[in-house]
Amino acid sequence: MVAERFAGVFPSPLLQDLGIQLRMEICAEYTRLAATVETILSKLTHLTSRHLDLFKSGDFAATKRLDRELELTIGEKERAIGALRQHMLEHKCQAGKPI
Ligand SMILES: [Zn+2]
């Protein structure tokens, strides 16, 4: 349904003066998938920072535990980026090449 694909209409005064309405498509699924990638990348940043601190402190047992968590999160990141790439290839809702 067209209404679902257009999450917003962004009127431009200049273009409206010319009788042109600018419509910018916002794909809700793209937004959701991109937000998931951002969340996981932020988590990786946090985990990597903690990992470095633990390694520097010499707490190798904790370092090893966190290493496993990092590996799992990297797997999550790969799947999230894969899902986003697949969506971009199939839906073509974004300008430019897929991630
Ligand atoms: Zn889309």
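Some points to look at:
- All other residues whose Cβ lies under 13 angstrom from that of Gln86 are scored, Lys and Arg at +1 and Asp and Glu at -1, for a net of 0.
- Pair-distance profile P(r), taking every C-alpha pair of segment 27-91, with 5 angstrom steps and integer %: 4, 18, 22, 17, 13, 9, 8, 5, 3, 1
Rule-based calculations on the coordinates, nothing more; no lab input. Here the structure is a predicted model, which means the values were calculated and not measured. So basically every Cβ, Gly included, is an ideal-geometry build from the backbone, and we count neighbours across all protein chains shown.
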